[in-house]
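J.: Dropping a structure here in structure tokens format, bear with me for questions.
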Amino acid sequence: MNAVIPIQSAQRSPIANSSQGPQIHQERGQREVFCGLTGIIWLHRKIQDAFFLVVGSRTCAHLIQSAAGVMIFAEPRFGTAIIDDRDLSGIADANEELDKVVNQLLKRRRDIKTLFLVGSCPSEVIKLDLARAALRLNKQFNPNVKVLNYSGSGIETTFTQGEDACLSSIVESLPSAPSSPGTDKGTKKLLIVGTLADVVEDQMMRIFKDMDLQGVEFFPGRNSQKMPIIDASTVYLLAQPFLADTAKRIEDKGATRLSAPFPLGVEGTSAWFAAAASAFKIPSSTLEKALAAPRQRANTAIAKHRALLENKKIFFFPDSQLEIPLARFLSRELGMKLTEVGVPYVHRQHLEQELNLLSADTLIMEGQHVEQQLDRCDQARPDLVVCGLGLANPLEAKGYTTKWSIELVFTPIQGFDQAGDLAELFSRPLVRKEKIAA
Ligand code: SF4
């Protein structure tokens, strides 16, 4: 469901940006965003021995099932423990009910090694303490099953924060180790942080091997029982720009972040690998040799989309937190004109290099006042609007061509071999519109 959150005082103010990039403006008002439960869709595909149990209402269940497009004969790795009228009115003990559901589930599904209790708006409204529930259930099921909890609630969050909350809960549960083996480049070890499709992870791993960088780990991994050891010898690269809490927890364990643009498009992916090469003192000739062929393939793949997208105006409504890296890719590699780049939150440190690559006159708007933003969209008359599902249909009805921002998180878009697919996600709606008009 779309959480529409009115904030009474609407305001818009420019914020001085410490970097050399564009100024960041802020506005507050009514927002149109999806909730963090959506993250379960890509997280359950990645962590293949985990189960996500949403503790929520029928609305939450419908959201997850329709977003995931579940086949009825499939055995899914997510479900909803429905909070019903008896729980809401206090007739039933919600904790007892939850324990009953978890017992039934874990008895039937021996393949589950990690169980996430995922909070929702309803569980927060009735103040069901899922952290305590996880502690209680861990006493019963650990070490066979690890029980963790996080919130996917739509109150004051945006949909990619579900992944941040989930990964944060995993990091918190990881044991601290006094020492770890490290890679063969000194004592440091590289960790890639952020959920990536398996195909992307495999491609990146091949490039790291070609760079002569061994022992690289990805977090989260495919197996919840093989999570990385994070300590002071860990240096990490973010693969997603929406992991503020996860990054903080990783750093609390002593790890150091490598500053880099995000691996979207040729430029971002090249700089991302270069940041790893620099930290591990990989010779530039080795880096160049490893990147040359995939970079060439990516350049060829995006060239045909540039012809279509160049000089087209694009407007971003805030939704996925991918907006700034996407705006950089679309403006610098495909020649698109940025009319407005709306972002739910801007993490100044994590996005510093991205901001520096944007033209100083780019309008970046942090937060949302949807009515004012719709007015600005009408004034700008963009060729393409990137927005959430709730805005797409009304905008299409007004004659705009739209791209659902959620598709950019469901689709593998990182790395060289996905650069052409990423460009196509933006050119396809324009091609479709031309075909309909013809
Ligand atoms: Fe709706 Fe909240 Fe449930 Fe999300 S968590 S589906 S916003 S009720």
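This table checks each residue for (1) outside the structural domain of L258 (by TED's automatic domain parsing); (2) modelled with pLDDT under 95; (3) among the aliphatic types (A, V, I, L, M).
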| position | (1), (2), (3) |
| --- | --- |
| D164 | yes, no, no |
| T183 | yes, yes, no |
| T195 | no, no, no |
| E201 | no, no, no |
| L213 | no, no, yes |
| F219 | no, no, no |
| S224 | no, yes, no |
| P228 | no, yes, no |
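J.: Any residue at all in the range 325-336 that's of a type in the set (D, E), assigned to a loop (DSSP other than H, G, I, E, B) and free of Cβ contacts under 8 Å to residues at least 40 places away in the same chain? Quick ask: steps written out before the conclusion?
T.: Looking only at the range 325-336, we keep the residues that are of a type in the set (D, E), and these are 333.
When the remaining residues are screened for being assigned to a loop (DSSP other than H, G, I, E, B), the result is 333.
With the extra rule that they be free of Cβ contacts under 8 Å to residues at least 40 places away in the same chain, the set shrinks to none.
Checked against the condition, which is being of a type in the set (D, E), assigned to a loop (DSSP other than H, G, I, E, B) and free of Cβ contacts under 8 Å to residues at least 40 places away in the same chain, the range 325-336 yields no hits at all.
J.: Could you tell me whether the range 370-382 includes any residue that is assigned to a helix (DSSP H, G or I), under 30 Å from Y236 (Cβ atoms) and in contact (Cβ under 8 Å) with a residue 40 or more places away in the chain? First the steps, then the outcome.
T.: Kept after step one, since they are assigned to a helix (DSSP H, G or I), are these residues of the range 370-382: 370-380.
Imposing the further condition that a residue be under 30 Å from Y236 (Cβ atoms) reduces the set to none.
No, that holds for no residue.
J.: Would you mind stating whether T269 is touching a Gly at 6+ places or on another chain (Cβ under 7 Å) and over 27 Å from K146 (Cβ atoms)? Please lay out each step first, then the result.
T.: On the way: touching a Gly at 6+ places or on another chain (Cβ under 7 Å): yes; over 27 Å from K146 (Cβ atoms): yes.
In short, yes.
J.: Just to confirm my filter: which strands (runs of 3 or more DSSP E) fall fully inside the range 132-236 and include at least 2 residues that are closer than 30 Å to F317 by Cβ?
T.: Details: elements: 146-151, 189-193, 217-219.
Ranges flagged: 146-151, 189-193.
J.: Mind checking which residues of the range 135-174 are surrounded by 20 or more Cβ atoms within 10 Å (Cβ to Cβ), among the hydrophobic types (A, V, I, L, M, F, W, C), more than 15 Å from the ligand (Cβ to nearest atom) and under 25 Å from K253 (Cα atoms)?
T.: V145, V147, L148, L167, I170, V171
J.: Quick check on my filter: what residues within the range 241-257 are outside any helix (DSSP H, G or I) and either over 27 Å from Q418 (Cα atoms) or in contact with a Phe, Trp or Tyr (Cβ under 7 Å, 6 or more places away or on another chain) (or both)?
T.: So the first thing to find is which residues in the range 241-257 are outside any helix (DSSP H, G or I), and the list is 241-243, 253-257.
Across the range 241-257, the qualifying residues are P241, K253, G254, A255, T256, R257.
J.: OK, next. Of E333, E340, E396, E354, which residue is under 18 Å from G21 (Cβ atoms) and in contact with a Ser or Thr (Cβ under 9 Å, 6 or more places away or on another chain)? Walk me through how you get there before you give the answer.
T.: On the way: E333 fails: in contact with a Ser or Thr (Cβ under 9 Å, 6 or more places away or on another chain); E396 fails: under 18 Å from G21 (Cβ atoms); E354 fails: in contact with a Ser or Thr (Cβ under 9 Å, 6 or more places away or on another chain).
None of the others qualify; the one that does is E340.
J.: Could I ask something else about it? Assess whether A275 counts as being under 22 Å from T195 (Cβ atoms), without any contact (Cβ under 8 Å) to a residue 40 or more places away in the chain and assigned to a helix (DSSP H, G or I). Explain how you work it out, then say what you get.
T.: Details: under 22 Å from T195 (Cβ atoms): yes; without any contact (Cβ under 8 Å) to a residue 40 or more places away in the chain: yes; assigned to a helix (DSSP H, G or I): yes.
When the stated conditions are applied, A275 passes them.
J.: Tell me whether the range 265-282 contains one or more residues that are more than 13 Å from I207 (Cβ to Cβ), touching a Phe, Trp or Tyr at 6+ places or on another chain (Cβ under 7 Å) and of a type in the set (G, A, S).
T.: Yes, some residue in the range 265-282 is more than 13 Å from I207 (Cβ to Cβ), touching a Phe, Trp or Tyr at 6+ places or on another chain (Cβ under 7 Å) and of a type in the set (G, A, S).
J.: List every residue pair whose Cβ atoms lie under 9 Å apart, where the two residues are 6 or more positions apart in sequence or sit on different chains, the first residue falls within the range 107-119 and is in the same structural domain as N138 (by TED's automatic domain parsing), and the second residue, located anywhere, is basic (K, R) and assigned to a loop (DSSP other than H, G, I, E, B).
T.: Hits for this filter: R109/R77; D111/R77; I112/R77.
J.: Pick from L117, L106, L37, L53: which is surrounded by 15 or more Cβ atoms within 10 Å (Cβ to Cβ), modelled with pLDDT of 80 or more, within 16 Å of the ligand (Cβ to nearest atom) and assigned to a helix (DSSP H, G or I)? Outline the logic, then answer.
T.: Numbers: L117 fails: assigned to a helix (DSSP H, G or I); L106 fails: within 16 Å of the ligand (Cβ to nearest atom); L53 fails: assigned to a helix (DSSP H, G or I).
Answer to the check: L37.
J.: Show the residue pairs that are 6+ apart or on different chains and have beta-carbon atoms under 7 Å apart, the first residue being within the range 56-68 and within 6 Å of the ligand (Cβ to nearest atom), the second being in a helix (DSSP H, G or I) and of a type outside the set (S, T, N, Q).
T.: Partner pairs satisfying both residue conditions: G56/P122; S57/P122; C60/L37; L63/L37.
J.: Within the range 1-34, restricting attention to residues that are among the polar types (S, T, N, Q) and touching a Lys or Arg at 6+ places or on another chain (Cβ under 8 Å), which residue is modelled with the lowest pLDDT? Walk me through how you get there before you give the answer.
T.: Within the range 1-34, the subset among the polar types (S, T, N, Q) is 2, 8-9, 11, 13, 17-20, 23, 26, 30.
Filter once more, so that each one left must be touching a Lys or Arg at 6+ places or on another chain (Cβ under 8 Å): 9, 11, 17-19, 26.
On the way: S9: 38, Q11: 47, N17: 50, S18: 46, S19: 52, Q26: 94.
If we take residues in the range 1-34 being among the polar types (S, T, N, Q) and touching a Lys or Arg at 6+ places or on another chain (Cβ under 8 Å), then S9 is modelled with the lowest pLDDT.
J.: Something else now. Do you know which of the residues in the range 120-134 that are within 12 Å of the ligand (Cβ to nearest atom) and surrounded by 16 or more Cβ atoms within 10 Å (Cβ to Cβ) is nearest to the chain's Cα centre (by Cα)?
T.: Within the range 120-134, the match that is nearest to the chain's Cα centre (by Cα) is S120.
J.: Additional query: Given the criterion at pLDDT below 80, more than 29 Å from the chain's Cα centre (by Cα) and either part of a strand (DSSP E or B) or surrounded by 12 or more Cβ atoms within 10 Å (Cβ to Cβ) (or both), identify the matching residue among A67, A92. Outline the logic, then answer.
T.: Values: A67 fails: more than 29 Å from the chain's Cα centre (by Cα).
Exactly one of A67, A92 is at pLDDT below 80, more than 29 Å from the chain's Cα centre (by Cα) and either part of a strand (DSSP E or B) or surrounded by 12 or more Cβ atoms within 10 Å (Cβ to Cβ) (or both), namely A92.
The values are calculated or read from the model by the stated rules, or taken from the named source; none is laboratory data. This one's a predicted model, so the numbers in the text were calculated from it and none came from an experiment. So basically every Cβ, Gly included, is an ideal-geometry build from the backbone, and we count neighbours across all protein chains shown.
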